[in-house]
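Worksheet: one structure, shown below.
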Amino acid sequence: MFQVTMIGGGVMGAATACFLARDHGAAVTIIERDPSYARASSSLSLSSIRQQFSQPVNMALSRWSIDFLRRAADELAVPDDRPAIGLVEPGYLYLATEAGAATLREVHALQRAEGVDVALLSPAELAARFPWLAVDDLALGSLGLSGEGWFDGPALHRAFRRKAMACGARFVTADALGFETSGDRVTGVRCADGTRVAGDAFVIAAGAWSAPLGAALGFTLPVSAKKRDVFVLETPAALPGCPLVIDPSGFWFRTEGSLILAGGPPRGDDVDDAPLDRIDHGLFDDQLWPTLAARVPALEALRLRSAWAGYYEMNAFDHNGLAGRLPGWANAFTACGFSGHGMQQAPAVGHSMARLIAGLDAPLIDALTPQRLLHGRPLIEANVI
Ligand SMILES: Cc1cc2nc3c(=O)[nH]c(=O)nc-3n(C[C@H](O)[C@H](O)[C@H](O)COP(=O)(O)OP(=O)(O)OC[C@H]3O[C@@H](n4cnc5c(N)ncnc54)[C@H](O)[C@@H]3O)c2cc1C
């Protein structure tokens with residue numbers, strides 16, 4: 001039986017393992033150093049999905065993934081469970097002032113050409129649709145009409161793990177340190193506890209911590225951990241039909257039941273590995289709250305209930321995932337560096353990675369090949385949150 005050894009059991013590793021075991025009959029071993037996933041991006045994600053990207057590859061991955069998420073209960077059913085992932089589809093709403101309107105129109109044309117179900121709305125149309133929104137300074141809004149929303153990311157991650165295990169995949173708790181190789185082939189993974197895991201193919205899916213593993217194979221993966229804060233807000237205000245709103249300032253908010261989740265780009269230097277317990281409360285007090293209250297006057301009355309932080313697995317080269325064969329190696333692959341959009345892409349990327357490792361074509365992820373790092377050809381995504 002074809003044996004695949006993966007490093008990292010987050011949503012990317014779990015999805016790839018699931019499709020390998022379910023669809024290709026592979027014997028999969030997943031090496032994961034923290035089975036609580038306490039610091040994994042997959043546990044700390046906002047778990048939202050959008051079609052409004054500027055790169056066709058990202059639009060195609062999200063289209064594939066939303067179809068899969070709608071069928072997740074069937075696709076990922078195990079004998080004692082049909083997983084509920086709580087998908088809702090209220091859309092994303094990108095707002096622009098006059099300064100950003102031309103870009104929004106350009107990206108809209110690209111999206112329409114790819115068949116994305118999105119509409120441009122004037123300030124009057126925005127006010128009619130979302131009466132709680134202040135539109136005076138706005139020139140335009142771009143609203144996703146279908147295929148966009150959010151879901152329970154940890155539930156999806158768990159469902160991939162359970163389905164993978166039901167199809168024979170094995171999770172082992174160990175810290176992968178390096179590799180054993182022979183010519184252009186990897187033959188085993190060396191772990192900190194002295195164990196060695198063999199395989200016919202190997203996958204680095206270690207999220208923000210993938211770079212040292214790439215380096216162990218002589219390949220620079222420009223991926224590091226960038227902390228992002230999420231604020232959980234209580235408000236008596238109701239915002240009917242509220243999509244995930246991206247304000248022209250870069251701040252964003254969405255509802256979660258009766259709560260509001262909000263955040264935005266970090267202040268100051270975006271350093272690597274900032275401690276997750278150091279939430280920047282000044283960001284909320286000085287910038288985020290005033291911005292929210294100006295955009296949604298009813299939010300003047302909001303209260304900060306809690307906050308959390310997680311790491312984006314940021315690909316400094318072009319802020320897009322690296323998925324495919326590792327250059328220079330016949331049987332080593334990676335799926336990492338998804339830079340804040342990996343939860344929504346995990347179904348499509350996991351499915352494609354499994355096909356690639358099984359020796360089949362995987363056109364959906366052709367553009368994400370790590371080879372682009374060597375060719376100096378970045379895949380620039382204009383719509384990064
Ligand atoms: C605040 C926040 C908001 C986000 N919002 C969204 C969103 O709205 N939509 C979206 O699509 N995405 C979002 N993301 C991004 C998304 O969560 C990630 O892209 C995705 O979870 C990455 O999954 P992963 O499996 O690659 O990494 P991870 O989930 O981090 O998993 C990597 C795993 O590898 C393990 N590991 C690392 N090194 C080793 C080693 N040497 N040996 C053994 N195990 C190892 C780690 O323990 C970890 O469990 C968000 C992320 C954050 C932090």
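Some observations on this one:
- Net +/- balance of residues flanking Pro35 in space, Cβ distance below 13 Å, scoring K and R +1, D and E -1: +2
- Calculated FRET value between Ala113 and Thr187, using beta carbons and R₀ = 30 Å, to 0.05: 0.05
- Zone residues, the stretch 234-269, relative to Val88, backbone N less than 12 Å from point 7 Å out along Cα-to-Cβ: 239-244, 254-261
- Per principal axis, descending, Cα span of the chain in whole Å: 65, 45, 43
- The overall shape of the stretch 269-341, judged from the alpha-carbon gyration tensor, is prolate: a/c is not under 1.5, and a/b is greater than b/c.
- Under the criterion of Cα pairs below 8 Å and six or more residues apart, the relative contact order for the chain equals 24 percent.
- Amide H to amide H, with H built 1.01 Å from N, Ile30 comes under 5 Å of Met6, Arg170, Phe171, Val172, counting only residues 5 or more places away or on other chains.
- Cα gyration tensor category, rounded, prolate or oblate, for the stretch 340-379 with a/c compared to 1.5: oblate
- Mean Cβ neighbour count within 10 Å, used as a protection proxy, ranking 81-92, 50-61, 136-147 highest first: 50-61, 136-147, 81-92
- In the chain, the DSSP-assigned H stretches of four residues or longer account for a calculated mean residue ellipticity at 222 nm of -8000 deg cm²/dmol, using -39500 (n - 2.57) per stretch and the full residue count as denominator.
- Span from the the stretch 320-340 Cα centroid across to the the stretch 63-117 one, whole angstrom: 24 Å
- Among the helices of the chain, none built from whole DSSP H runs has Cα atoms reaching 15 Å or more along its own axis together with a mean Kyte-Doolittle hydropathy of at least 1.6.
- Scalar couplings 3J(HN,Hα) for the stretch 225-231, obtained by applying the Karplus form with A = 6.51, B = -1.76, C = 1.60 to θ = phi - 60°, are 8, 10, 6, 10, 8, 10, 9 Hz; x denotes Gly and Pro.
- Highest average first, the peptides 290-303, 320-333, 101-114 ordered by how many other beta carbon atoms sit within 10 Å of their residues are 320-333, 290-303, 101-114.
- Whole-angstrom Cα spans of the stretch 44-170 along principal axes, big to small: 55, 31, 23
- The distance from the alpha carbon centre of the stretch 121-196 to that of the stretch 235-270 is 19 Å, rounded to a whole number.
Bear in mind these aren't lab numbers, they're just calculated from the coordinates by the rules spelled out. Model, not experiment: these values are computed from the prediction. A quick note on method: Cβ atoms are made from the backbone with ideal geometry, for glycine too, and the neighbour counts reach across all protein chains shown.
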